[in-house]
1. Note down all Cβ pairs under 8 Å where the first residue falls in segment 305-332 and is closer than 20 Å to residue 259 by Cβ and touching a residue at least 60 places away in the same chain (Cβ under 8 Å), the second is away from the ligand (no atom under 12 Å from the Cβ) and part of a loop (DSSP other than H, G, I, E, B), and they're at least six residues apart or on different chains.
2. Taking residue 427 as meeting all but one of (1) in contact with a strand residue (DSSP E or B) (Cβ under 6 Å, 6 or more places away or on another chain); (2) touching a residue at least 60 places away in the same chain (Cβ under 8 Å); (3) within 16 Å of the ligand (Cβ to nearest atom), write down the number of the exception.
3. Does residue 441 satisfy the condition of being under 21 Å from residue 263 (Cα atoms), crowded, with 24+ Cβ neighbours inside 10 Å and touching a strand residue (DSSP E or B) at 6+ places or on another chain (Cβ under 8 Å)?
4. So residue 328 passes all but one of these: (1) within 16 Å of the ligand (Cβ to nearest atom); (2) in contact with a strand residue (DSSP E or B) (Cβ under 8 Å, 6 or more places away or on another chain); (3) within 19 Å of residue 478 (Cβ to Cβ). Which condition number does it fail?
5. Out of the residues in segment 254-280 that are more than 22 Å from residue 128 (Cα to Cα) and touching a strand residue (DSSP E or B) at 6+ places or on another chain (Cβ under 6 Å), which is nearest to the ligand (Cβ to nearest atom)?
6. Look through 446, 380, 369 and report the one residue that is touching a residue at least 24 places away in the same chain (Cβ under 8 Å), more than 24 Å from the chain's Cα centre (by Cα), within 16 Å of the ligand (Cβ to nearest atom) and more than 17 Å from residue 268 (Cβ to Cβ).
7. Which pairs do you get when a residue that is under 16 Å from residue 433 (Cβ atoms) and without any contact (Cβ under 8 Å) to a residue 40 or more places away in the chain, found in segment 5-18, comes within reach of a residue that is in a strand (DSSP E or B) and near the ligand (Cβ under 10 Å from one of its atoms), reach meaning Cβ atoms under 8 angstrom, with the pair 6+ apart or on two chains?
8. Hey, can you tell me all the residues within segment 179-203 that are outside any loop (DSSP other than H, G, I, E, B), touching a helix residue (DSSP H, G or I) at 6+ places or on another chain (Cβ under 6 Å) and buried (at least 20 other Cβ atoms within 10 Å of the Cβ)?
Ligand code: ADP
C-alpha cells in the first residue's frame, strides 16, 4: 500500500507525518526547534538543528510505526516561510545562523527601500516591502558576515529557505531547488513571469548564482539519498506552510479561502491563474503549483492566539488556553468591553506600527471573564477586517471559511467568528492541514492520486458553525470594535 511522508518544518518544531493513500494520518512525530534572540527584535535558529530535528522526527515516526521508507511513494516538504539560510556550496557549512522570518534586523533597510522603490517592488513581487521577506535578510548576511560578499560573488555561497536547505541536505548537496510558493516570499521573485528578477537582484545586490532553481510544487524533484531515511524515496512535493495549508484544505479553485488560527492568523484566498491586485495592501503570492501558475491573496493578523497566551502568561487570567472557552461563555455578552491586541502595532488593513494594545468600555460591572471574552472576540474582529479587505479587492462575497490551527479548538471563538462574519465556518476533520497539503502535492506527482478532484472527496468537515446573530447585533458590535480601534490608534 503506498503511503506518503510529509516533512513539516515549522518555526517551533520539525514534524514528520505519515499518510495513507486515502489522505488519512497514520502517525506523527515532532522535535523542538530553538530560537535565539541575540538583540531586541532579532530572531535566529541553527540550520544544523533544523536539519537534525527534521531527520530525527522522520526516523522516529518510521521506527515507531515499523513502516519501511522503501514503501513510501514520495516525500512532501512544507516549511516556515522566508527564513533565510546561506551556506558554502563546497563544505555545506552555513555562514551564519538562519535569520528567522520574525527577525526585524533589516527593518531600517526596508523602510529606505520602501521609500525609494516601494511601488516597483510591489508591482513585481506582490509584496509590501518588509523585513519579513528573505531578500533583505540575504543582503544583511552578505554585508555583515566577513568575506561573505566576496565568496558570494565567486559563486561559492548558496541561499535557500528551509525547503531548499532540507532538499539540499537530503540529496547530499546535489540538488538546489525551491518552488514558486516559497520563491514568491523572497522579494526577489517576479510573481508574474515566475523567475528571479534582475532589477530586484541588483537592488539588493544578490548574485543570481546563489539562488535555487524554481520547480513546480508538485513534480519529481530528486531522490533523497538512502542513508538519511533508509531508502532513496523521491521528493515530489514542496510548498511554503500557508500555501500548503491552503492546498490541504482542498482550496484548489478561485474563491475558496482558509484562515489559520495560530500565534497569528494567516488568511489566504485562492484567485486561480489570475494575479490578485489589492487596493488594501493585501499581499499577492503564488499558491502551490500543480499544472500552471496559481495565485492567492494573503492577509495576516499579527496577534491572535498570542493574545490568549498573554492572558495566561502575563495577566494570569487563565491557566491554559483551552480554559478561555468556558470563561468567555460564562458571561452573556461583552458588557461593552473591547480589547485591541495591537501589541506590535496593527497590520492590514490599518498598517499602523505605532498603535498599541488597548482595552476600552470598562465599567464597574466588567470582570476578568469579560476581558477573556474580549480577547477571543478580538481574533474574530481582526479576521473580519482582513476578509472585508479581500472581499472589497476581489469583488466576491465570502460564503464559507475553512479554518485550521490550534485556536480553532475553541468553539466559542468559532461560533463568534461565524456570527461576526455572517458566514459559515467549517472546521475540517484533520486540522493538520499544512502537512496534509505537502502530502497531497507529493502524492499527486508520485501518481498516488490522479487529480485534485480526487483529493476534494477526501476533505471532511468535522463541524460547521452557522451564523446565528441578528444583523442588528452584528452591526452594533462591529461599530463598537471600530470605535475601540480608533482609540487605540489615537
Ligand atoms: P503556531 O503554529 O502558530 O505555533 P498553533 O496552531 O499550534 O500555533 O496554535 C497555538 C496558538 O493557539 C497559541 O497561541 C494558543 O494560545 C492558541 N490556542 C490553543 N488552544 C486554544 C484554545 N482552545 N482557545 C484559544 N486559543 C487557543
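Any read-out appearing in this document is the output of simple, stated calculations on the displayed coordinates, not a laboratory observation. This structure is a prediction, so every number in the text was calculated from the model and none was measured. Glycine gets a Cβ as well: all are built from the backbone with ideal geometry, and neighbour counts include every protein chain shown.
1. Pairs that qualify, where the first residue is closer than 20 Å to residue 259 by Cβ and touching a residue at least 60 places away in the same chain (Cβ under 8 Å) and the partner is away from the ligand (no atom under 12 Å from the Cβ) and part of a loop (DSSP other than H, G, I, E, B): there are none.
2. It is condition (2) that residue 427 fails.
3. no
4. (2)
5. Per the stated criteria, the residue is 256.
6. Among 446, 380, 369, only 369 is touching a residue at least 24 places away in the same chain (Cβ under 8 Å), more than 24 Å from the chain's Cα centre (by Cα), within 16 Å of the ligand (Cβ to nearest atom) and more than 17 Å from residue 268 (Cβ to Cβ).
7. Cβ pairs passing all conditions: none.
8. 181, 182, 189
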